[in-house]
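> Let me give you the structure first, and then I'll get to my questions.
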Amino acid sequence: MDLEAFDHESHMAEAIDCAREAASRGDEPYGSVLVKDDEVVMRAGNRINTEDDIREHPELTLAKRAAAERDDAGELVMYTSTEPCPMCAGGIDIAGLHAVVYSVSGERAAAIRGTDSLLSSTDVFAAGGSDVRVIPDVLRAEGEKVHEARW
C-alpha cells in the first residue's frame with residue numbers, strides 16, 4: 001500500500017468535520033474516517049454523551065465495525081482528528097488496521113484541554129508488537145482549532 005499517494009489532507013478534513021459535528025451535538029470533539037484505496041468507506045464522530053457510553057470513541061467504533069463487517073481490515077487506514085487514546089489504539093491493533101493518520105497529538109490535545117496526556121498510540125502499538133503505521137500532524141492547526149473551540 002502506497003500511503004504517500006493517499007490524499008491525507010482531504011481525508012483528515014473529513015475526520016475533522018466529524019469532530020465538529022460531534023462537538024455541535026454535545027459530544028467531545030473527536031472524529032474519524034476509514035479509508036481504503038484512498039476512498040472513505042466509513043465515518044464516525046464521538047458519541048460518549050449522546051449514547052451515555054464512555055466507549056463511544058470514533059476510533060474504537062470504526063475499529064469494531066471494520067473487524068465485524070469487513071474482511072479487509074489490513075487494507076484500511078484510519079484518519080482521526082486526534083491521536084487515538086490507549087483504549088482505541090488497542091482496538092485498532094486488534095482489528096488489524098494498516099495505519100493511523102492523526103491531526104493533533106494526544107499530548108497537545110491534553111494541553112489544550114488542561115489535563116494530563118495519556119500513553120501515546122505509538123507506544124501502545126509498540127508494546128503490543130504491532131506494525132500499525134502512524135503518520136502524525138496532518139492539518140494540525142485545523143485540528144487544534146476544534147479543541148480550542150470546545151475546551
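> Using the heavy atoms of the protein chains and a 1.4 angstrom probe, tell me the accessible area per residue for the chain in square angstrom.
Per residue, the chain has an accessible area of 47 Å².
> Then there is this: Please work out the Cα convex hull volume for the chain and give it in Å³ per residue.
95 Å³
> Under the rule a/c < 1.5 gives rounded, and otherwise a/b versus b/c splits prolate from oblate, where does region 111-151 land using the Cα gyration tensor?
Cα axes put region 111-151 in the oblate bin.
> Report, by chain and number, residues whose modeled amide H sits under 5 Å from the one on LEU118, excluding near sequence neighbours (fewer than 5 apart, same chain).
When sequence neighbours closer than 5 places are left aside, there are no close amide H contacts.
> Next up: Decide, for region 47-113, between rounded, prolate and oblate: order the square roots of the alpha carbon gyration tensor eigenvalues as a ≥ b ≥ c, take rounded if a/c falls under 1.5, and otherwise choose prolate if a/b is larger than b/c, else oblate.
oblate
> Read phi for every residue in region 48-61 and hand back ³J(HN,Hα) as whole Hz from Karplus 6.51 cos²θ - 1.76 cosθ + 1.60, θ = phi - 60°, with x for Gly and Pro.
Running phi through 6.51 cos²θ - 1.76 cosθ + 1.60 with θ = phi - 60° gives 5, 7, 5, 9, 6, 8, 5, 8, 7, 7, x, 5, 5, 4 Hz.
> Using alpha-carbon positions, what is the distance between the centroids of region 2-30 and region 91-151, in Å?
Between the Cα centre of region 2-30 and that of region 91-151, the gap is 13 Å.
> Using each residue's phi in region 138-149, evaluate 6.51 cos²θ - 1.76 cosθ + 1.60 at θ = phi - 60° and report the 3J(HN,Hα) Karplus result to the nearest Hz, with x for Gly and Pro.
Residue by residue, region 138-149 yields 7, 6, 4, 4, 5, x, 5, 4, 5, 5, 4, 5 Hz.
> Follow-up. Can you give the relative contact order of the chain as a percent, counting alpha carbon pairs under 8 Å and 6+ residues apart?
The value is 21 percent.
> Let me ask something else. Given a 1.4 Å probe and every protein chain left where it sits, what share in percent of the accessible area of region 17-151 is carbon and sulfur?
Carbon and sulfur atoms account for 45 percent of the accessible area of region 17-151.
> Just the Kirkwood number for region 81-151, please: inverse of mean 1/r across all distinct Cα pairs, in Å, one decimal.
Computed over region 81-151, the radius equals 12.3 Å.
> In whole Hz, with x marking every Gly and Pro, tabulate ³J(HN,Hα) for region 125-130 from phi via Karplus 6.51 cos²θ - 1.76 cosθ + 1.60, θ = phi - 60°.
4, 5, 4, x, x, 6
The values are calculated or read from the model by the stated rules, or taken from the named source; none is laboratory data. These numbers come from a predicted model, not from an experiment. Just so you know, the surface numbers come from the protein's heavy atoms only, side chains and all, with ligands and any DNA or RNA stripped out. Shrake-Rupley method; radii C 1.70, N 1.55, O 1.52, S 1.80 Å.
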